[in-house]
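*Asks:* Supplied in structure tokens, the structure appears directly below.
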Amino acid sequence: MKSENCILIIINPVSGNLDKGEILSLITDEATKKSCDFKLYKTTGTGDKEAIESLITQYNPSRVIVAGGDGTIAMAASCVYKTDIILGIIPAGSANGMATNFELPQTLDKQIEIAFSNNTLTIDVLLINNTICLHIADLGINAELIKNYENSGIRGKLGYFIQSIPTLFQSDFPFHFTIKTPRAQYSETGVLLAIANANKFGTGATINPTGKLNDGKFEILIFKNLDIIEIFKTMQDNPKMSSDFVKIIPTESAEISCLNKIPFQIDGEFLGEKDILSVKMSKHKLHIALPQKFCKLHSQ
């Protein structure tokens, strides 16, 4: 039986450059105010998913609050998305792409308020080669940029900016993609293929303006070139992108193949080079605490 007063707190002590001691103190203070019991788990980088699943089985919490980067958030989500446990997010990584897309506020006190709130949204979960995706995955130049970023010593958006120029010069684009959906087959060439459950990259670029997190489908977007004018359009909330710049394929499942192995990432985590992807909607959903305005917008 679920304990309505039990919260599992997950902290990644080495992500980003925020003071995790302050984050933990504020989370536990809020839990105490709400008369919640809480259990704490600090990730170590080894066996974390299994340890978290064991704690969930042992304590059966009503809510899991995770403080870390996108990788830690995705791992926590993978432990709870088959349950009715609510996931609360405290973005504490270097880039925090999911927080950008979920429109979480910048201040820690507001983030904690939302993580404990009853403003929740039930969102779709994608399975890409049986790995969950909440946000955006892609093959091509963006994944290559993430790889170069992870290998550099500079974090945050500055790190991405610094790596962008050498990535453009060193990349082997254009790439060749074959996409099979239940309705059609496509053969496309481009610099990037994105699999989008959400709207925005962590940079704030809106690449999938019509996508919804809970509509039972996702969008495959093939960006055909590096058109500077079209790229600048993505800085708008609802860009009108040319069909010569991007092809959009809505679907519930897809098989994607490439002529050669290409850099690949899910939710901001570089996962090596792939030439075959199998993508489908999970039958399970994720219950996530998000800003009230965001929940209302995506519930319409």
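Please treat every number below as a calculation from the coordinates, not as lab data. Since this is a predicted model, take the numbers as computed values, not measurements. Using ideal geometry, Cβ is built from the backbone for each residue, glycine included, and neighbour counts are taken over all protein chains shown.
*Asks:* Treating only the Cβ of Lys, Arg, Asp and Glu as charged (+1, +1, -1, -1), what charge dipole size does the chain show about its Cα centre? Round to the nearest 20 debye.
*Replies:* Around 480 debye, computed over the chain.
*Asks:* Then there is this: Would you calculate, for the chain, the mean residue ellipticity at 222 nm contributed by helices, counting each DSSP H stretch of 4 or more residues as -39,500 (n - 2.57) and dividing by all residues, to the nearest 500?
*Replies:* -9000 deg cm²/dmol
*Asks:* Now a separate question. Out of residues 5 or more away from residue 7 or on other chains, whose amide H comes under 5 Å of its own, with H placed 1.01 Å from N in the peptide plane?
*Replies:* Under 5 Å from the amide H of residue 7 lie the amide H atoms of 37, 38, 39, each far enough along the sequence or on another chain.
*Asks:* Continuing with the same structure: Expressed as cubic angstrom per residue, what is the convex hull volume of the alpha carbon set of the stretch 51-128?
*Replies:* Expressed per residue, the convex hull around the Cα atoms of the stretch 51-128 is 106 Å³.
*Asks:* Show the residues, 5+ positions off or on another chain, whose built amide H is closer than 5 Å to the amide H of residue 191.
*Replies:* 175, 223, 224, 225
*Asks:* Please report, for the Cα atoms of the stretch 3-118, the Rg to one decimal and the Dmax as a whole number; what are they, in angstrom?
*Replies:* Cα only, the stretch 3-118: 12.8, 33 Å (Rg, Dmax).
*Asks:* Okay, moving on. With equal scatterers on the alpha carbons only and no solvent term, can you work out the Debye log10 of I(q)/I(0) for the stretch 188-300 at 0.16, 0.19 1/Å?
*Replies:* Per q value, in the given order, log10 I(q)/I(0) is -0.85, -1.18.
*Asks:* Let me ask something else. What is the Cα radius of gyration of the chain over 2.2 N^0.38 Å, N being its residue count?
*Replies:* That works out to 0.99 for the chain.
*Asks:* Given 0.36 nm per residue, what is the gain on full extension from residue 226 to residue 5 after removing their alpha carbon distance, in nm?
*Replies:* Once the chain is fully extended between residue 226 and residue 5, it gains 74.5 nm.
*Asks:* While we're here: With θ taken as phi - 60° and the coefficients 6.51, -1.76 and 1.60, list the Karplus ³J(HN,Hα) couplings across the stretch 243-256 in order, rounded to whole Hz; mark glycine and proline as x.
*Replies:* 5, 6, 9, 9, 10, 10, 10, x, 6, 9, 7, 6, 10, 10
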